[in-house]
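Enquirer: Before anything else, here's the structure in question.
The values are calculated or read from the model by the stated rules, or taken from the named source; none is laboratory data. Just so we're clear, the structure is a prediction, and the values are computed from it rather than from any experiment. All Cβ positions, even for glycine, are placed from backbone atoms using ideal geometry, and neighbour counts span all protein chains on display. When the accessible area is computed, the model is the full protein with side chains, heavy atoms only, and any ligands, DNA or RNA have been set aside. Shrake-Rupley method; radii C 1.70, N 1.55, O 1.52, S 1.80 Å.
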Amino acid sequence: MHPHSHRGRAHRVHGRPFTLPEITVDEDAPVAYRVYHELRRVSRAQKQMLFRRLTEQDTHPAQAFSLWVLSENEGMSQADLADTLNVSRPTVTIMLKKMEKASLIERRPDEKDHRYVRIYLTDSGRALHADLETVHAGIVEATVGSMSEAELVQLERLLKTVEVNLEEAQ
């Protein structure tokens, strides 16, 4: 007997309905298999919550992450932002045009070398970033807020072990 079964959940892709298979793991599956799938479900649920909350803020996830990166690295170049976000430079250029149009960022020539452009948050960008920090805090609370300090410390230790395992397996 296969240790999991599928049931669909409706989503929209490019505006059209699309059903992603949802995997449920049988109770008699090995515990390692059940834990692995539980980690995937938690990750998926967090991502869905984040996307819903960002949509409520009229913010695209890539813009939210860009605001976070820029808040920590004001004045970084477009190329550095693309590398940090692990996306192509043309993708960043398009996103930054939209963010600039929304008055979230401004691009300025580098003071020492005018061939380079530096990116800075505007006051509106900083305000949205602060709102998104509140959204993030709400997701953290929803995820682990009911756990005791001891449980959180134990979970942190276990997740670090999982991370090390994955790094060593690469």
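Enquirer: Leaving out ligands and nucleic acids, note down the accessible area per residue over the chain with a 1.4 angstrom probe, in whole Å².
Expert: On the way: 12340 Å² over 170 residues.
Accessible area per residue, the chain: 73 Å².
Enquirer: Percent of accessible area on region 21-69 owned by carbon and sulfur, 1.4 Å probe?
Expert: Details: 1980 of 3340 Å².
After summing per-atom areas, the C and S share lands at 59 percent.
Enquirer: Further, regarding this structure: Once a ≥ b ≥ c are taken as the square roots of the eigenvalues of the Cα gyration tensor of region 97-170, is the result rounded (a/c under 1.5), prolate (a/b larger than b/c) or oblate (a/b not larger than b/c)?
Expert: Details: a/c = 4.14, a/b = 1.82, b/c = 2.28.
Because a/c hits 1.5 or more and a/b fails to exceed b/c, region 97-170 counts as oblate.
Enquirer: Would you please give the residues with an amide H less than 5 Å from that of Ile105, counting only those at least 5 places away or on a separate chain, with H modeled from the backbone geometry?
Expert: Under 5 Å from the amide H of Ile105: Glu100, Thr122.
Enquirer: If packing is taken as the mean number of other Cβ atoms within 10 Å per residue, what is the order of 134-143, 78-87, highest first?
Expert: Working: 134-143: 13.0, 78-87: 15.0.
Top of the packing list down: 78-87, 134-143.
Enquirer: Turning to a different aspect of this structure: Rounded, prolate or oblate for region 19-86? Axes are the square roots of the Cα gyration tensor eigenvalues, ordered a ≥ b ≥ c, and the cut-off for rounded is a/c under 1.5. Show your work: numbers first, answer last.
Expert: Numbers: a/c = 3.71, a/b = 2.24, b/c = 1.65.
Prolate shape, in that a/c is at least 1.5 and a/b is the bigger ratio.
Enquirer: Here are several values of Cα Rg over 2.2 N^0.38 Å: (i) 1.31; (ii) 1.72; (iii) 1.07. Which one was derived from the coordinates shown?
Expert: Calculated Cα Rg over 2.2 N^0.38 Å: the matching label is (i).
Enquirer: Still on this structure: Check Arg118: other-chain or 5+ apart residues with amide H under 5 Å from its amide H, H built from backbone geometry?
Expert: Here Arg108, Asp110 satisfy the definition.
Enquirer: Leaving out ligands, DNA and RNA, what percent of the accessible area of region 85-170 is carbon and sulfur, probe 1.4 Å?
Expert: Working: 3440 of 6420 Å².
With neighbouring chains kept in place, the figure for region 85-170 is 54 percent.
Enquirer: In region 103-147, whose amide N lies under 19 Å from the spot 7 Å out along Cα-to-Cβ of Ala45? List them in ranges.
Expert: 136-147
Enquirer: Let me spell out the model: positive unit charges on the Cβ of Lys and Arg, negative unit charges on the Cβ of Asp and Glu, origin at the Cα centre of the chain. What dipole size does that give, in debye rounded to 20?
Expert: Numbers: 23 positive and 26 negative charges, 189 e Å.
It comes to approximately 900 debye.
Enquirer: Please report the relative contact order for the chain, taking Cα pairs under 8 Å with a sequence separation of at least 6, and give it as a percent rounded to a whole number. Spell out each step's value before the answer.
Expert: Details: 140 pairs, mean separation 25.3, N = 170.
Relative contact order of the chain: 15 percent.
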